[in-house]
Amino acid sequence: MTSSDAFDISAFAARLDYALEQLERAAPFAKVSYRSRVLDQARRLLMRPGGVAALYERAGRLDDAGIFGGTDWDKPAGLLPRLVGNTLRYGERATIILECLSLLRFLAVAKGAHSVSGLPGDQAQHFLTQVLALNLERIFGSTSEASRVQAGKQEIGETVDAVFAFLLDKIGTDDILGILIDEIWRILEQRPLQVGHVKGMIVQIAVVLEGDAVHGGEMRLGADRLISALFGPTRLSADDVGVERYRSRLDHSDSLAHLKEATGFARAMHDTGLVSDYHAAFVQWLIETDKTNLIPHALGLSSTGLDGYRCYEPLIIAIIREAIHPATGQTLLGLALMLERGILYSPPIAPSLWRMLSINVSEHTAATMTAAFGSACTPRAFLLAGLIDLLGQPLGIGQGNNPTCQSARALSMWALNDPDYLFYLVARVALSDRMVMHFEGQLLDSAELPAGLTSLTPLDTDPVSVLLVPHLDRIYAEMGRRCGDRGEDPHRWINPELHGWWVSRSFHIAVDVATGMMKDHAAFLARFHASYHPLYNGNQPVIHPQPAGIAVTDSRGVFVGWHAISIIRAALDHDGIMRVYFFNPNNDSGQDWGHGVVVSTSGNGERFGEASLPFGQFASRLYIFHDDDLSAQEMGAGVPAEEIGAIMAMARESWAGDRQPLDAAAQAI
Amino acid sequence: MAEKNPDKGYVAVLGWSLRAIDAMARFDRRYVIVAPEWAESYAKEHDIPFISWNFERLNDRSHEIAQTLKDMGVDVAIPLFEETVEWAGAINSVLLNNPRLLGQSMLFRDKSLMKRRAQLGGIRVGIFEEAMDKSDVIRFLKRVNQTLLKLEGDVNDPIHMKAFDKAGCLGHRVIRTADDVDAISDDEFPALLESHLDGWEFAVEAWIKDRKIQFLNISEYVTLGYSVFVPATPELEKWRGRITEQIEKLIDVFDIDFGFIHPEYFVTNDGTLYFGEVAYRPPGFNAFELMERAYGFNAYQALVLAFDPKTTQEEMDAFFPEPVKGASGHAGCFGVYPRRRVVSDLDIPEETEDHPYFEFHELAPPMEQKVTKRTAFGTHWGLVYFFGEDPHEMRELLKRQEELDFYV
């Protein structure tokens, strides 16, 4: 904290104290007229560095002065931990601050610094533990669609995060550790490209568990696996000795020990999705000491991956030399998964990779890479590593904290379906700072277009996104401008033109664009079944990933906004339930969309990065899809009317409730 | 709350204000609130001494409320709002057995009569006239500008139009052109017209007891209808002597024995003071709040002291701090008007939020997206409060707020 911050905070604290004194002095009936100013002062103090602690010191006084008077927070013993999260997400600004003050008051009670009748200290402690465990995303720093949409609340959101960090620090991670570890596993099972925040949490857990004998059993096991995957997954690295000493141990071990190291690293990597720094050091050491025969073991390749490796060994070794460094070790996972996909056999891929290995990126590209990722590696190495990651885990990409779901979805689709085109785009932008696409025959050049949905380069995403999203976003926005006046949803034309020929040209939307009201919803749903439901479409699989639009709802089922996803496939899960497996460019697909619609990310047949819902639940939030006239002809007649009716009811109960056209509403009555 | 002193006065407060009632509850005077019946249940619920009364125009029943208060042993009535000033006058003429007080309060309620009385008493006022309809306004605008030797086509000097009997800036219009006159609706007449004076406008708050000024505050306006702060800058405070003389003149001319007045003045570049108007009640724009912030005394309690016939001079002397020097800083506030035609959100500008003088705001999120076109002063959407050491910085800061959007 600089001295000016220190000045700041005392000045803000003094102002709060004045308002607080007014509130304290006021007669009970007049307190209401001073509350809003105290809350506003508290908000401003809270937003300063160190403000949370300053407010905590005053939590008891604020309570006694009557800040909670006349509200539900006035009887803390009756408050419910599960309501706190929603208040902090959806409440008015003043309500959010009041909730923060209430949490700090609970902390003061838990710590014995304040007392409230009917609220013993251990009950306050228990309350906070539950609140922390129920709001892990505050601690993880991963934001959901719903919280991002409320962009105006970003600042206040950060303030709330700071309050949670403070609570966590004071309450300790002990009680919430088990929940935290489950959460980490849940996120890792989606194999996100970005694991920085997960690693951060594991470090925190490691610190807590260090020399701790209290925690045992299952929870300890889960935590140990995560910690060891990062800090010592193998025999020689198990005591986290540091890379230098580790290398010297390798120099003094025999080949059997080296093989054990290789398989140990591979197992940890595929088990958790995390790559240890020692793993990167080990692979580099293998190349330096000419033991490249162990690389397939270190990557944990199956026969498919191994075959690819053998066919393209010089290329893979060149990639490792260029792109695998301590700062990019995670790319070993991407490399292994890319080999497993067998995409190297597609003729343009290997030459595209060779081009990337020698590309001289533009000054602007270099500056952007350095700004986002630092200078531990060359800009080209970061870019290549990012590209390998994306090709290995096409569904691991996330939009970061940016309103660019369209762009993230496009990148994932190309990585999955059109990788050589992705190479082309990356090379083009990396070399010349421009992306060129065509829209209905007209040329669009991103270098000449105005900003799209976001005017800033997103720095909180993966290297490929950092490079391409500003350009893609501009082109997407321009396409929207060119067909915005056609009186229909522009995605009808944008989606095929932006992504590729394989996006079907037949377009279906459940909402009348002019009025925002539902339009032929039953027919829309029947058609969706006829196109995508294997039992009604002649058992046709989804061939290419197809863009679709979702009406995202929050955990209360309230409409949040329109969101771009892609449908990957529809299939029966292990329990015989037909599910839609889809990709959500959001950073964490496991979301609660309300009324029992909880998106699953593992355990129901999902592959890495896929989200899934039972077919009907998915359809209940769907508002746009594309299909192919070839597959949907004459079929779907067999979809039972009750099933369509049930889905329509689910939509009505959530996002479509106030979008019912008048005549339909009249019929319903 | 506070222990009540039976040897001191018993006051009736006319009008409902939580801040005022709070001040009463924490003061040693017995009190009763006289306010419209919509406040009755709240008062009952919180044990606030209360009499329900509807303040419409004075009528036959006005004697009834005076008698009720007299029977209760109330010593004096204190008006909080413009609409209760003549009621206080009527009631006090009964309670204090002084019929002159009713006539005096009528003077305070009519801006035109008030100006004539001031003029008769030798107080300098600007050019003014009563207007019954739009043609009077046009004539006044033309005549004022002819006097100023303006030619046809020159930009007019503005004139001001004010409702006779409304508080502060309510119904106050600035008129420059015939188009402005056209925008006036007929129900705003009759009204008072005044020439515009180029100079420094400010207000005074004076607590009076035994025809003597007990405390005099100067509130500096940065821009009329937008912002005010206390205490004033040294440049304005240097006129304090002259201003005190003027207030003493007012006390003589209006025959004020006790109470509280809130006059407005202009001081022109050559130091001439022009009287604008005077009110016999607490000022708008929460000036009482600003005084409490700057000086630390509760201005409502000061009001009670000034009205209570049983207050002693010693009590007065102990209550008030020394003007200007007794202030811990300068407190100001700014009235926010939306600057855009369509607004959807309340968004405190970053530079305001980050300024060390900024305290808090009392702005509500917009209820409607369309902003009605502003024709008169006095309909701000809420106040933003500041407090700091340097009066010049305060003035700049308040001025700067006029260029910022609080509603976007």
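Quick rundown of the values:
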read-out: Pairs with Cβ under 6 Å, 6+ apart, first in the stretch B:1-21 and away from chain A (no Cβ under 14 Å), second in a helix (DSSP H, G or I) and of a type in the set (A, V, I, L, M, F, W, C); value: B:VAL11/B:VAL304; B:ALA12/B:LEU69; B:LEU14/B:TRP87; B:LEU14/B:ALA88
read-out: From A:ILE343, A:ILE324, A:ILE320, residue being among the aliphatic types (A, V, I, L, M) and free of Cβ contacts under 8 Å to residues at least 40 places away in the same chain; value: A:ILE320
read-out: Within the stretch B:337-370, tally of residues that are in a loop (DSSP other than H, G, I, E, B), away from every other protein chain (no Cβ under 14 Å) and touching a residue at least 12 places away in the same chain (Cβ under 8 Å); value: 6
read-out: Elements of type helices (runs of 4 or more DSSP H) in the stretch B:250-327, at least 2 residues being within 26 Å of B:ARG100 (Cβ to Cβ); value: B:299-307, B:313-319
read-out: Residue among B:LEU80, B:LEU107, B:LEU69, B:LEU101 that alone is over 23 Å from the mean Cα position of the chain (by Cα) and among the aliphatic types (A, V, I, L, M); value: B:LEU69
read-out: Residue within the stretch B:273-291 that is among the aromatic types (Phe, Trp, Tyr), out of contact with any Leu (no Cβ under 6 Å at 6 or more places or on another chain) and within 14 Å of chain A (Cβ to nearest Cβ) present; value: yes
read-out: Which listed residue is of a type outside the set (Val, Ile, Thr), surrounded by 18 or more Cβ atoms within 10 Å (Cβ to Cβ) and in a loop (DSSP other than H, G, I, E, B), from A:HIS529, A:HIS471, A:HIS544; value: A:HIS544
read-out: Subset of the stretch B:241-264 that is within 15 Å of the chain's Cα centre (by Cα) and over 17 Å from B:LEU113 (Cα atoms) - its residue that is surrounded by the most Cβ atoms within 10 Å (Cβ to Cβ); value: B:PHE260
read-out: Close pairs from the stretch A:460-488: first in the same structural domain as A:TYR424 (by TED's automatic domain parsing), partner outside any loop (DSSP other than H, G, I, E, B) and aromatic (Phe, Trp, Tyr), Cβ under 6 Å, at least 6 apart; value: A:PRO463/A:PHE382; A:MET479/A:PHE439; A:ARG482/A:PHE439; A:CYS483/A:TRP493
read-out: Test result for A:ALA522, within 17 Å of A:LEU411 (Cα to Cα) and assigned to a helix (DSSP H, G or I); value: no
read-out: Residue within the stretch A:47-62 that is in contact with a Phe, Trp or Tyr (Cβ under 6 Å, 6 or more places away or on another chain) and either among the β-branched types (Val, Ile, Thr) or not assigned by TED's automatic domain parsing to the domain that holds A:HIS126 (or both) present; value: yes
read-out: Residue list for the stretch A:166-178, restricted to those being in a helix (DSSP H, G or I) and either free of Cβ contacts under 8 Å to residues at least 60 places away in the same chain or touching a strand residue (DSSP E or B) at 6+ places or on another chain (Cβ under 9 Å) (or both); value: A:LEU168, A:ASP169, A:LEU177, A:GLY178
read-out: Which listed residue is among the β-branched types (Val, Ile, Thr) and surrounded by fewer than 16 Cβ atoms within 10 Å (Cβ to Cβ), from A:THR404, A:THR378, A:THR461, A:THR370; value: A:THR370
read-out: Selection from the stretch B:58-82 of residues that are touching a helix residue (DSSP H, G or I) at 6+ places or on another chain (Cβ under 9 Å) and free of Cβ contacts under 8 Å to residues at least 40 places away in the same chain; value: B:LEU58, B:SER62, B:HIS63, B:ILE65, B:ALA66, B:GLN67, B:LYS70
read-out: Residue match in the stretch A:102-118 (condition: in contact with a Phe, Trp or Tyr (Cβ under 6 Å, 6 or more places away or on another chain), within 14 Å of another protein chain (Cβ to nearest Cβ), closer than 29 Å to B:ASP22 by Cβ and among the hydrophobic types (A, V, I, L, M, F, W, C)); value: no
read-out: Criterion violated by B:GLN401 - all others in (1) within 14 Å of another protein chain (Cβ to nearest Cβ); (2) at pLDDT 85 or above satisfied; value: (1)
read-out: Residues satisfying the stated conditions in the stretch A:529-582, i.e. touching a Lys or Arg at 6+ places or on another chain (Cβ under 7 Å), over 30 Å from A:VAL84 (Cα atoms) and not aliphatic (A, V, I, L, M); value: A:PRO541, A:PRO547, A:SER566, A:ASP573, A:TYR581
read-out: Residue within the stretch B:304-323 that is surrounded by fewer than 17 Cβ atoms within 10 Å (Cβ to Cβ) and either within 13 Å of chain A (Cβ to nearest Cβ) or under 17 Å from the mean Cα position of the chain (by Cα) (or both) present; value: no
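Residues checked against (1) modelled with pLDDT of 85 or more; (2) within 14 Å of chain A (Cβ to nearest Cβ); (3) more than 30 Å from B:ASP179 (Cβ to Cβ):
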{"position": "B:PRO36", "(1), (2), (3)": "yes, no, yes"}
{"position": "B:GLU45", "(1), (2), (3)": "yes, yes, yes"}
{"position": "B:ILE51", "(1), (2), (3)": "yes, no, yes"}
{"position": "B:ASP71", "(1), (2), (3)": "yes, no, yes"}
{"position": "B:GLU86", "(1), (2), (3)": "yes, no, yes"}
{"position": "B:VAL125", "(1), (2), (3)": "no, no, no"}
{"position": "B:PHE128", "(1), (2), (3)": "no, no, no"}
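The values are calculated or read from the model by the stated rules, or taken from the named source; none is laboratory data. Only a predicted model underlies this, so the values are computations on that prediction, with no experimental measurement involved. Ideal geometry is used to build each Cβ from the backbone, glycine not excepted, and the neighbour counts take in all protein chains shown.
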